[in-house]
Amino acid sequence: GAPGVGGGAQGNRVYVGNLAWSVSWQELKDHMRTVGEVVRANVLTGGDGRSRGCGVVEFTDANGARRAITELNDTELGGRPIFVREDREA
C-alpha cells in the first residue's frame, strides 16, 4: 500500500509535554512552525476542558518532526521549558 494510508503517517507527529496551562493550540502551532510546516496542533484537555499540559503536533513530513525534537526540546513556551519527543501513539 501507499505510505501514509491507514494512519501510517509514522514519524511526522511529536508529543509535547510540560506545557503551561495558558498555552493555546495556536501558540503551540506558531512555536512549532519555526522548524517545519505544521498540519495541526492539539493541546490535550481533560474532561473539565482544562489543559492537561501536553499536546500533539503533526508536521507535513518527518523532517519537521525530527527538527522539532532536536531543536525545540527544552525551549521555552508560555514561560516553561517544554519537552518534545516522538509521538508513539500514532
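The values are calculated or read from the model by the stated rules, or taken from the named source; none is laboratory data. What you see is a predicted model, and the numbers here were worked out from it, not measured in a lab. Please note: Cβ atoms are built from the backbone with ideal geometry, for glycine as well, and neighbour counts cover all protein chains shown. Just the protein is used for accessible areas: all its heavy atoms, side chains included, with ligands, DNA and RNA removed. Shrake-Rupley method; radii C 1.70, N 1.55, O 1.52, S 1.80 Å.
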- Scanning region 31-50 residue by residue, the ones that are surrounded by fewer than 18 Cβ atoms within 10 Å (Cβ to Cβ) and farther than 17 Å from residue 70 by Cα total 10
- Taking into account only those residues within region 75-87 that are part of a strand (DSSP E or B) and acidic (Asp, Glu), which is modelled with the highest pLDDT? 76
- Evaluate region 57-74: report whether one residue or more is in a loop (DSSP other than H, G, I, E, B), open to solvent by 70 Å² or more (accessible area, probe 1.4 Å), at pLDDT below 95 and more than 16 Å from residue 88 (Cα to Cα). no
